[in-house]
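Novice: Supplied in structure tokens, the structure appears directly below.
The values are calculated or read from the model by the stated rules, or taken from the named source; none is laboratory data. Fair warning: this is a prediction, and the values are worked out from it, not measured in the lab. No Cβ is skipped: glycine too gets one built from the backbone with ideal geometry, and neighbour counts run over all protein chains shown. Surface accessibility is based on the protein's heavy atoms, side chains included, excluding ligands, DNA and RNA. Shrake-Rupley method; radii C 1.70, N 1.55, O 1.52, S 1.80 Å.
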Amino acid sequence: MVLRRSNLSTFNSFLSDTRSALEGLADSAGDMVTPSVRLGVTGLSRAGKTVFISALVHNLIKGGRLPLFPAAADGRIGRAYLQPQPDDAVPRFDYETHVRTLIEKRLWPDSTYQVSELRLTIEYESASYLQRKLGRGKLHLDIVDYPGEWLLDLPLLNQSYREFSAAALERARKHPKLAGPFLDVLATIDPENAEETAEQQASSLSEAFKVYLANCREEENALSMLPPGRFLMPGDMAGSPALTFAPLDLSGNGSKPRPGTLHAMMERRYDAYKKHVIKPFFQNHFAKLDRQIVLVDTLQAINAGSDAVEDLNKALSQILGAFKPGKASWLFSILSRRIDKILFAATKADHLHSDDHDRLQGLLRKLVEDAITRAEFAGADVDVLALASVRATRQASVNHDGETIPALLGTPLPGEFIEETRFDGEEEAAVFPGDLPDNPEDLLTEGAAETEAGLRFIRFRPPKLEKTAEGITLSLPHIRLDRALEFLLGDKLA
């Protein structure tokens, strides 16, 4: 049999789908022995993915205070313990180091820069009398940690290089202060330059583009729409041609690049990025998830201003659009796993007084409401929650000029400041960050600057853990981590 080129891609796609189906069948066979849930944990930079996983595992292993997670609150969880992960080719999530950093050093662990995985096995008793008579249940929870920026790459699979360039340049020109050096380099480059003399130009333009993306991510800017996501997290692909491209201004060029030009080289490298970076991530990790939590640092965007909030809105829509939501059936899971529960969580709720938690949750719901409607229509359960994976503050009231003001007590990180006060990271302080508006629309409109002026959210060090009278160190404190666990796992432990 001879395959023509036109049939080759279809044949390769068939092989890939067949391989995925066989892997799904193997997973299903394993689930018949001990059921498993693959939980994806993602979020954009500094959203708190590492902290969430560490706190979740720590509270389950140590028997933490989880009153809104019935399996734990009712004493039905016998024990939870770590086991070797099932994927030998994926780095292990370094739980032990991250917990030591949180508890002993009182520092926040390093951010996520690659995919990692951890298996937690939970032994439990069912809430059903009949199921309890059949014996204790067991569930493998496989936690897959990956950068949210990689999700923003998935739409690129359906975009041509020309479409990617147009969208990227439109974003860059909206932020001339951040993108100025990149746009200056771009203005000196002719896409029709000969390929053999264009390598240096490609490297210079790609480097300037990456600097622009890094500037967008800085805390004072907090922009989110930054594909290609792997450019700032290259790993072992740093310097490869697949990561050495950038958008070109193709407004005056034909629909197809002339062979042997810079345009042709950039398009080829863009296609290589999709083939060697995006597709393997989708097939090897993302397409195998059952449940998903997306962590969102909404407060960081508010600190940076209305442009950052609007950019976060677009990024969240892109992220949810990348999912393949819908209810999973046993037969369908053999062929292709499908995410059937998605939780959006506004992190760092402990940086606000509890009176503002509902407002924070309402803002996040507003940011994702259109995308949520699409997901729920497809059959997935979607929820929104304000949480703090590790609670770093306590609530208090202070008297200021004869007025009682709600405040947060905690140890601000060194270098954090409010007005003229700069903190050293050692002394505890009472802080009032301001109140979120009752109407989340107030942070999304052109007049948001006045609303934002009274808000300033600072970061705190992890807390000192409390001890019992017997000297036993308690688990990491949190806000609504138990509600997140109930949404994501409650039905599996019923």
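Novice: Could you check the simple spin-label distance between Asn284 and Val398, using points 7 Å along Cα→Cβ, in nm with one decimal?
Specialist: 5.0 nm
Novice: Any idea what the dipole of region 118-219 comes to, in debye rounded to 20, about its Cα centre with Lys/Arg Cβ at +1 and Asp/Glu Cβ at -1?
Specialist: Dipole of region 118-219, to the nearest 20 debye: 960 debye.
Novice: Based on Cβ point charges of +1 for Lys and Arg and -1 for Asp and Glu, what charge dipole magnitude is obtained for region 66-195 about its Cα centre, in debye rounded to the nearest 20?
Specialist: 920 debye
Novice: Whole Å is fine, so just give me how far the alpha carbon centre of region 234-260 lies from that of region 380-394.
Specialist: 40 Å
Novice: If R₀ is 45 angstrom, what is the calculated FRET efficiency for the pair Asn193 and Glu420, using the beta carbon separation as r and rounding to 0.05?
Specialist: Rounded to the nearest 0.05, the efficiency is 0.30.
Novice: For Trp108, Trp150, give me the order by solvent-accessible area with a 1.4 Å probe, most accessible first, ignoring ligands, DNA and RNA.
Specialist: Reading off the accessible areas and sorting them downward yields Trp108, Trp150.
Novice: Might you work out the accessible area of Lys49 for me, using a 1.4 Å probe with all protein chains in place, and round it to the nearest 10 Å²?
Specialist: 10 Å²
Novice: I would also like to ask the following. Just to be sure I follow the rule: in region 151-306, considering lysines 8 or more places apart or on different chains, how many pairs have Cα atoms under 29 Å apart?
Specialist: Step by step, the pairs that qualify in region 151-306 add up to 14.
Novice: Pull out the extension gain between Asp370 and Ser160, defined as 0.36 nm times the separation in residues minus the alpha carbon to alpha carbon distance; nm, one decimal.
Specialist: 73.0 nm
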